[in-house]
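Right, one structure below, let's go through it.
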Amino acid sequence: MRRVPPTVLPTPLLALWRAGLAPSDARDVIAVRESAEAALQRAFDRPVAALLDSGTSALTLALQHAAAGPRVRSDRRSAPLLVAVPAYGCIDVPTAVLGVGAQAMAYDMDPETLGPARASLQEVLHHGADVVIISHLFGHPVALDEWREECDRRGVVLIEDAAQWAGAGWAHGPVGAHGHFVVFSLGRGKGLVGTGGGVLLGGEGFPSAAPMALNGAGRVGALLRASAASLLGRPSVYGLPASIPALRLGEMVFHAPQPPRALSMLSGRLLPEALARAEADRTARLAVANRYRAAARDRGVATAPIVLDGSKPGVLRQPFLLTSRQPVPVHLGVVFPYPRPLSSQVEVAPIVRSGPATPCAEHMASHLVTLPVHAHVRERDIVELCDWLTGSAPPSS
Ligand SMILES: Cc1ncc(COP(=O)(O)O)c(C=O)c1O
């Protein structure tokens, strides 16, 4: 039976194989790294600090540098770093905190903006947080100017987690201007490349060590995995892998922290084209998202987060908050992306210090769904999803 995946691999198969079969001698390794760095510098107008094997590694490196950098007060250097993390979102964020031997304290979320609940993050800062991580979930831009000012005032490091960037920005430029460090992911389901990797932009005082050489190993495996993800992500076949529990597709899976490694040659080669495609891809996804938002506007089963004035949502997927707990049309790609809040993530529990209550994050875990907006969503899917959003049709399967 047809089943729509929540997201798809954004890189076309042909581009994937062209990059995968291209030569990789020592000169190419340098040329590919330089052209990836130049494309990032053009897109974000910030220095590239490191090209890594995952977004989690980029977060890890940012935390390591935050711990060693001038912002963390010298009288706190002997205590473990305290990192303010979102109470709702990707488990990879607290995993990076675990990986550097730091402690985390969760702040609550504002379901209307998908950013921090102001009073809650203030409270975590009062507890002495040294670093704040704020994510632009699903490519939904969070206003960070006031948090940057607050962090600067307190000597706290702000890490802008744009792992799910998807072309998000503001009228005057892309997201990524506010963090002392900015993190991107090139992993599956993130809208940019999809073959794995991470980028760290920034930051002041970042040591100018020799850049890591890109990793040419494991190319065939990466190419085959990405091709399989691309083919199996088609709605005509996706039902099969999605029905195999061992694959844990669409689940939030904890991966033990690993030391950061270099970006693969494959992802490095694909990155400039992916950045060049980002705005056209974003525009196509936004057209679908706007139809869902219009359908849900007046009455219905769900409300969409506020799009802030002057913001350009990346809409990796379109989030909605259900007005009540109810069955959702899973076959049309509607999922609960993060069904467990940080408070019930047992794997990272040992490093999570108790802080403010996080009722909104808990509500989001059980009520926030995302609708697919990618190129495999067809007109009939959109019409059915709009009917579901207006409350005029139950979720058929
Ligand atoms: C918000 C957020 N931050 C960080 C990460 C980590 O990225 P990666 O999967 O490349 O390690 C993810 C991945 O899902 C994410 O969604």
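All of the numbers you see were taken from the coordinates with simple rules; none came from a lab. All figures in this text were calculated on a predicted structure; none of them were measured in a lab. Because the Cβ atoms are built from the backbone with ideal geometry, glycine has one as well, and the counts that use them run over all protein chains shown.
Structure data summary
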item: Cα gyration tensor shape for region 207-287, rounded if a/c is under 1.5, else prolate or oblate; result: oblate
item: Whole-Hz couplings from phi, Karplus 6.51/-1.76/1.60, listed for region 240-248; x for Gly and Pro; result: 5, x, 5, 8, 9, x, 4, 6, 6
item: Candidates Ala226, Ala26, Ala49, ranked by Gaussian network fluctuation over the chain, Cα under 10 Å, top entry; result: Ala26
item: Hull volume in cubic angstrom per residue (convex hull over the Cα atoms of the chain); result: 131
item: Selected from Met364, Met252, Met109 as most flexible by GNM, with the chain as the system and alpha-carbon contacts under 10 Å; result: Met252
item: Charge dipole (debye, nearest 20) of region 13-389; +1 at Cβ of Lys and Arg, -1 at Cβ of Asp and Glu; result: 720
item: Peptide ranges 28-34, 334-340, 371-377 listed from the most packed, as the mean C-beta count within 10 angstrom indicates; result: 371-377, 334-340, 28-34
item: Cα gyration tensor category, rounded, prolate or oblate, for region 1-140 with a/c compared to 1.5; result: oblate
